[in-house]
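To start, the structure itself, in structure tokens.
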Amino acid sequence: MDCWGKMKSSGWIFPTFLLCIYGFFSMMRPSEPFLTPYLTGPDKNLTIDEVTQHVFPVWTYSYLALLFPVFLITDYVRYKPVIILQGISFIVTWLLLLFAHGLLSMQLVEFFYGLVTATEVAYYAYIYSVVTADHYQKATGYCRSITLVASTMGSLLGQLLVSLAHVSYFYLNAISLASVSVAFLSSFFLPMPQKSMFFHRKPSPEASTGPANKDAPNASQQSHYQEDKDVRMSTACSQNLPEHVGPRIQSQHHFLAVLWQLCKDLKECYTTKKLLYWSIWWALATAGFNQILNYVQVLWDNKAPSHSSDVYNGAVEAIATFLSSLASLVVGYLKVNWDLTGELALGVFSALDAGSLFLMCFTKSIWVCYAGYLVFKACYMFLITIATFQIAVSLSMERYALMFGFNNFVALLIQTIVTFIVVDSKGLGLNIGTQFLIYGSYFAVIAGVFLSRSIYIIISIKCQKNHVLENPQKTGAKELGTESCGTRL
């Protein structure tokens, strides 16, 4: 009891501990690497074409439709209700997987899983509303690490149960249902946040002092001040209205004021060229990455049919998650000028991704296909960690969350277009081999764009240095600094 009381009184340890419990059990799903064999096996008896063209695309469409409204609602209701909603969606998803049959029921599974992924934003945003800024890094590290550990353990457990104990996929899904149910129950114990990043933001000292402050506020402080000013104006206006009308008008005005401020913040974020180019890669690469994750099991089943071959999907996913965590960890120890070499890294590793996908497409060996997937996922996680860091260090927490959400929305929009054209039966409905050929070409184009830009930047800097050496009298220190900044396109 004393230990539990100390955790609750410490301020940040208690909610972080509960959130880690939720994250662990929500991600500890041993059935996930075996979804395609389960759907095409005797339990559900769907064909591979039905799974590819009619079931999996529903997740992409529902995720896109739900992401933006869920993003706004999550902040408005202060995270915890949405985490509980995610827990309910998890349970409904696995109940349908276990006991429902038929194509329509499996499409409904994908819809609820789309709701699960759309509400995921609440998990990572919650911690910033209940802990102080000096504990952000620790709390975030714990929450992200525990989900990686849980995902690895879930995949490994599933593989061991299938390979050694010959447990059926049905019972793997039953274990997943039990795990997400524990996560759902733990969500009720999370403390209710008193503030959020946008709709329930606490006024900052800079905002309360307003223009009278002698120090010129930075862009973030100005946006905070403007939002608080809009809120105060809406309050004053509502006081002149009838009692039963005032609160409703005030709430509507505040909601619109926050939306307007979000649009202005978003515009300012993307006017910075560095953030714009990192965000372009983020959106393009994440769209392709999610598409690969969604359909790679179908490719594996094509290379080594699950009804006649041993399936090692769980082991591969466990190794891939472990390598991804190592790749993310390496980024923190690299001493590199990413402003100069960042786009070169984006181009080189995107080219490796493209090569891995081409290898997965053309090889006949399932083991080579597995190896290509490991390289692909590790390269993507390495780059997305760099991109996340480069964007995060340039923005306040609120603007980072906004940009993160918008980048993912654009990625999902691109993925939806690709899914409809390439996968869906209403589009081209291509076979899985041709699909991965297109995905490899897609990453090759991304690599070509960023390699070209990086070469241009390096050549421009070299030419400017030569110009300075040839004309030292004409080029002052101030001019040199301006030209150097101008090359960071």
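The values are calculated or read from the model by the stated rules, or taken from the named source; none is laboratory data. Just so we're clear, the structure is a prediction, and the values are computed from it rather than from any experiment. No Cβ is skipped: glycine too gets one built from the backbone with ideal geometry, and neighbour counts run over all protein chains shown. Please note that ligands, DNA and RNA were not included when accessible areas were found on the heavy atoms of the full protein model with its side chains. Shrake-Rupley method; radii C 1.70, N 1.55, O 1.52, S 1.80 Å.
Every test in (1) part of a helix (DSSP H, G or I); (2) in contact with a helix residue (DSSP H, G or I) (Cβ under 8 Å, 6 or more places away or on another chain); (3) charged (D, E, K, R); (4) open to solvent by 40 Å² or more (accessible area, probe 1.4 Å) is passed by Asp134 save one, and that test is (2). The condition (being open to solvent by less than 20 Å² (accessible area, probe 1.4 Å), of a type in the set (S, T, N, Q) and over 30 Å from Met403 (Cα atoms)) is satisfied by just one residue among Thr47, Thr52: Thr52. Determine whether Phe322 is among the aromatic types (Phe, Trp, Tyr), closer than 26 Å to Gln159 by Cβ and at pLDDT below 95. Yes, satisfied. Screening Pro57, Pro15, Pro81 for residues that are assigned to a helix (DSSP H, G or I) and free of Cβ contacts under 8 Å to residues at least 40 places away in the same chain leaves exactly one candidate, Pro81.
Is there any pair linking a residue in region 462-475 that is at pLDDT below 70 to one that is part of a helix (DSSP H, G or I), with Cβ under 6 Å and at least six apart or on different chains, and which? The qualifying pairs are Thr475/Val468.
For region 452-463, a tally of residues being touching a Gly at 6+ places or on another chain (Cβ under 9 Å) and open to solvent by less than 60 Å² (accessible area, probe 1.4 Å) returns 3. Scanning region 364-379 for residues that are over 19 Å from Asp353 (Cβ atoms), open to solvent by 40 Å² or more (accessible area, probe 1.4 Å) and part of a helix (DSSP H, G or I) yields one hit, Trp367. In region 261-279 there is at least one residue matching the filter, namely being within 30 Å of Ala371 (Cβ to Cβ) and modelled with pLDDT of 85 or more. Reported count of residues in region 55-83, each being open to solvent by 30 Å² or more (accessible area, probe 1.4 Å) and either closer than 19 Å to Pro193 by Cβ or small (Gly, Ala, Ser) (or both), is 8. One residue stands out among those in region 380-434 that are charged (D, E, K, R) and more than 18 Å from the chain's Cα centre (by Cα): the one that is surrounded by the most Cβ atoms within 10 Å (Cβ to Cβ), which is Asp424.
Residues that are open to solvent by 20 Å² or more (accessible area, probe 1.4 Å) and either in contact (Cβ under 8 Å) with a residue 12 or more places away in the chain or touching a strand residue (DSSP E or B) at 6+ places or on another chain (Cβ under 9 Å) (or both) within region 435-451 comprise Leu437, Ile438, Ser441, Tyr442, Ala444, Gly448, Val449, Leu451, listed in sequence order. Within the set Leu98, Leu104, Leu157, the sole residue that is open to solvent by less than 50 Å² (accessible area, probe 1.4 Å), modelled with pLDDT of 95 or more and assigned to a helix (DSSP H, G or I) turns out to be Leu98. Looking for something open to solvent by 30 Å² or more (accessible area, probe 1.4 Å) and more than 19 Å from Tyr22 (Cα to Cα) - is there at least one such residue anywhere in region 109-125? Yes.
Of all the criteria given as (1) part of a loop (DSSP other than H, G, I, E, B); (2) under 30 Å from Ile461 (Cα atoms), the one not satisfied by Ile386 is (1).
Residues in region 363-374 that are without any contact (Cβ under 8 Å) to a residue 24 or more places away in the chain and among the hydrophobic types (A, V, I, L, M, F, W, C): Trp367, Val368, Ala371.
Scanning region 328-353 for residues that are open to solvent by less than 50 Å² (accessible area, probe 1.4 Å), within 12 Å of Gln390 (Cα to Cα) and free of Cβ contacts under 8 Å to residues at least 60 places away in the same chain yields Val331, Trp338.
Within region 309-327, the set of residues being over 17 Å from Ser145 (Cβ atoms), of a type in the set (A, V, I, L, M, F, W, C) and open to solvent by 40 Å² or more (accessible area, probe 1.4 Å) comprises just one member, Ile319.
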